[in-house]
Amino acid sequence: MGNKQKKPSSAAVKTVKTTQRKCMFEYIAVNVISLFVFLSFGYIAVMAFFQTSVIDPTNYVGERILYNSDNIVLNLVFTCITIAALFALKKFFDKRIEDEKQMRNLALACLVTVIALTVLFMLITIFVKFLEKTPAESLGDAISKALSAPNDSVFFPMNFLLMALFVGVMIAMVLTYSYKSKHVVTVFEIALALYVVIIGIVWVVNVRSVPAADSYNIYEAATDAAQDKYTSMHNFSNFYNSKMYDGYSYFQYYPFQLGFVAFSEFVYRIFGTDSSMPIQIINVLALSSAYFAVARITRLLFKSRRIEFIAIIMLALCIQPILFCTFVYGNIIGMTCALWASLLLIKYFKTGQYRWIYPSGVLLVLAVMVKYNNMIYLIAFVIMLVIHIVKKKKWQSAAIAAALIIAVLGTNSLVIKSYEARADEEFSPGVSQPLYLALGLKESSMAPGWYTHTAKDLYAQYYLIPKYNGVKDASLSDANDAAWDEIGKRLDEFSEDSDYAFEFFGKKILSQWNEPTFESIWVSKVKGHTATEEEKLRSGTDTIGSDQMTGLTNAVYKKGTGQALEMHFNFYMQIMYILFAAGIYLMFIKKKTNIETVLLPLVMLGAFGYHLLFEGKSQYVLTYIPLMVPTAAYALHTILNGKYEKIKKVMAKIKHIPDNNIDIKPKPVKSKK
């Protein structure tokens, strides 16, 4: 008995847990980063109330951006109504629903009711289509017609089913916001992933998008390589869009795209080369995994089931990336790999265990390989690892940072060398960053700093054409010098006319970050669509335009569903920018800024800065939008759970102010004798 040690008191344990050694270098570094993030996205949040960028419907294919003025009063009213509704919901659930079983049953009942009504309407639609079918048609044909019924059908088509499922999931999530079970969060993480898979697969299967422009060059090269053919990688080989590149191979300009070619080739060797649909399906599955990773990052950073619930709801409402899955490119897959790499890096920072850093590095390498812009993640990782070195005195993190840089750059070089050997073709270094900077500072017919032929033409004129015309001293530095000359001219123009400079960069920012669809609908609408057998008979071609599409696709492209989605996107992004900026501020004042919580905001800052100076497009920033969710969810949770003692005191004083500043004393009541 005497040898037993006394257990420390709970107060002592709390003191040990809450007392942490502060690192001044980390404190300064992460808060400087937070300041720039707050200023950047605070500006976007404010401007979102005044103006919205939209793709000009009269020049939709040309991607021309218009800057429409918003109704500020209407935006403020909607924002206030939303905030008030959230406070009312929280108050209702905190006071009325205390029994966990009651809450679970109510959520389940709402979900089942919505799904049951949806199924009922779908059965009615199928029955009507069955009565309308010709003798040659089967029951399966009737079901197919019902599922793709036009948007203006008297009955409820496929898009109603999707919306009903969406509403049902939302109701269930809101009702279980206060549910205390540890497992319910995981259930809704899985539900979110399934929700993305269902909506995404239905969308890509209905759209049947055909690659075009850069994505077709990659598709052509990958499908050829899967059949051990490499002619499309050779100069003057009549490859797709060869005139645009003066006959020189697409990969002489953009050899970094061979990383996604390698990934695509692997897929096409397994699933065949007849269609790009396998990549689109993989996009959907990857996005589902990315949303799951964001939810897990939120849990890891803030250790709150309620904050993670809010993050799940925000992700479910973020529909633009789902629509973007038709794009046969490395954006979605690269984002997914980068997000999982970020999750594992945060785990390394929290635990110090090296077992998390190795898979994180592999995923980061894959992320950059399929989408070179993910170098932004590499830079962010290295910055945070440097801060971690100073904070923890773990010099091994320096080796990890160096290894990441070597692995990422080395893997890209190996992929290019591999295709050079297989295709028996030597690829040039490709369009350099100074050339992209020259492009990003130019005016464009689309929007300031959007795509022009500037980088491609300078590269061809000063390097590629001289090289293949026997000029021995042809060097990429000649093209870079020409690019720096163009950059110098533009900087002189900006310095001479500061108003023009502010207008240029202001419009460039808003054309990218405040175009709420992020070209998620545009990216498939302007392309061809694989025709069904019935459509082939009607049109006489294997590919049809968006104006010939029916059902869900037509509804999104032309009718009320598309307009409703655009309104939702606009309001959703307004709220997200406000909450993201507020989250950065709240983390600062509550001293929650550190290398873990500021990692994703640092990536956001990198994306903002890079696309501010270099080539920009709204679709380029789409894959960064989910990164705002953890910080925005934290902000909303903090706002909803604030005590607001000072405001309550002010309101109490206001209530006690007498009318007209006159004290009205009650008349004394005479006593009866």
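The values are calculated or read from the model by the stated rules, or taken from the named source; none is laboratory data. The structure presented is a predicted model; accordingly, all values stated were derived computationally and were not measured. Cβ atoms come from the backbone with ideal geometry, glycine included; neighbour counts cover every protein chain shown. The accessibility values were calculated without ligands, DNA or RNA, using every heavy atom of the protein model including side chains. Shrake-Rupley method; radii C 1.70, N 1.55, O 1.52, S 1.80 Å.
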Inset, instruction - Identify, by number, the condition in (1) in a helix (DSSP H, G or I); (2) modelled with pLDDT under 90; (3) farther than 27 Å from P601 by Cα that S397 doesn't meet. - result: (3)
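Of all the residues that make up region 437-453, how many are among the hydroxyl-bearing types (S, T, Y) and crowded, with 21+ Cβ neighbours inside 10 Å? It would help to see each step written out before you state the result.
Initial filter on region 437-453 (among the hydroxyl-bearing types (S, T, Y)): 444-445, 451-452.
Subsequent filtering for residues that are crowded, with 21+ Cβ neighbours inside 10 Å retains 444.
Looking only at that region, the number is 1.
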Inset, instruction - Could you check how many residues of region 54-69 are β-branched (V, I, T), farther than 17 Å from F569 by Cα and under 23 Å from the mean Cα position of the chain (by Cα)? - result: 1
Inset, instruction - Return the residue satisfying two criteria in turn: it lies in region 542-584 and is among the hydrophobic types (A, V, I, L, M, F, W, C) and open to solvent by 30 Å² or more (accessible area, probe 1.4 Å), and of such residues it is nearest to M47 (Cα to Cα). - result: I578
Inset, instruction - List the number of the failed condition for L437; all other conditions in (1) closer than 27 Å to Y620 by Cα; (2) at pLDDT below 95 hold. - result: (2)
Legend entry - Close pairs (6 angstrom Cβ cut-off, 6 or more residues apart or separate chains): more than 13 Å from L599 (Cα to Cα) and in a helix (DSSP H, G or I) in region 380-394, open to solvent by less than 30 Å² (accessible area, probe 1.4 Å) and not charged (D, E, K, R) anywhere: I389/S397; K391/C23
Inset, instruction - State all residues of region 63-77 that are surrounded by 15 or more Cβ atoms within 10 Å (Cβ to Cβ) and of a type in the set (A, V, I, L, M, F, W, C); if no residue qualifies, say none. - result: I65, L66
Inset, instruction - Among residues belonging to region 47-62 that are farther than 24 Å from T79 by Cα and open to solvent by 10 Å² or more (accessible area, probe 1.4 Å), point out the one that is modelled with the highest pLDDT. - result: I55
Inset, instruction - Considering each of I379, I406 in turn, give the residue that is out of contact with any Ser or Thr (no Cβ under 7 Å at 6 or more places or on another chain), within 22 Å of T336 (Cβ to Cβ) and open to solvent by 60 Å² or more (accessible area, probe 1.4 Å). - result: I379
Inset, instruction - Taking G642 as the residue in question, decide whether it is of a type outside the set (S, T, N, Q), outside any helix (DSSP H, G or I) and surrounded by 21 or more Cβ atoms within 10 Å (Cβ to Cβ). - result: no
Inset, instruction - Please give the number of the condition F251 fails out of (1) surrounded by 20 or more Cβ atoms within 10 Å (Cβ to Cβ); (2) under 30 Å from I383 (Cβ atoms); (3) modelled with pLDDT of 90 or more. - result: (2)
Inset, instruction - Just give me the residues in region 491-541 being outside any helix (DSSP H, G or I) and surrounded by fewer than 12 Cβ atoms within 10 Å (Cβ to Cβ), in sequence order. - result: G540
Inset, instruction - Collect the residues in region 417-436 that are of a type in the set (A, V, I, L, M) and surrounded by fewer than 21 Cβ atoms within 10 Å (Cβ to Cβ), keeping them in residue-number order. - result: A421
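Quick one: which of A564, A581 is free of Cβ contacts under 8 Å to residues at least 24 places away in the same chain, part of a helix (DSSP H, G or I) and within 23 Å of the chain's Cα centre (by Cα)?
A564
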Inset, instruction - Quick one: in region 206-229, of everything that is surrounded by fewer than 17 Cβ atoms within 10 Å (Cβ to Cβ) and modelled with pLDDT of 90 or more, which residue is nearest to L287 (Cα to Cα)? - result: D214
Legend entry - Condition met for K417 (basic (K, R), assigned to a helix (DSSP H, G or I) and within 30 Å of I465 (Cα to Cα)): yes
Inset, instruction - Please indicate, with yes or no, whether at least one residue in region 273-294 is farther than 30 Å from Y634 by Cα and among the small types (G, A, S). - result: yes
Inset, instruction - Considering only residues that are among the small types (G, A, S) and not in a helix (DSSP H, G or I), look in region 30-88 and name the one that is farthest from F504 (Cα to Cα). - result: G62
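Residue by residue, here is whether (1) buried (at least 24 other Cβ atoms within 10 Å of the Cβ); (2) in contact (Cβ under 8 Å) with a residue 12 or more places away in the chain holds:
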position	(1), (2)
N235	no, yes
D246	no, yes
R269	no, yes
F292	no, yes
K303	no, no
E308	yes, yes
Inset, instruction - Output the number of the condition that L599 fails; it satisfies all remaining conditions of (1) farther than 25 Å from F78 by Cα; (2) open to solvent by less than 30 Å² (accessible area, probe 1.4 Å); (3) modelled with pLDDT under 95; (4) of a type in the set (A, V, I, L, M, F, W, C). - result: (3)
Inset, instruction - Would you mind stating whether E425 is of a type outside the set (S, T, N, Q), assigned to a helix (DSSP H, G or I) and either at pLDDT below 95 or closer than 23 Å to E615 by Cβ (or both)? - result: no
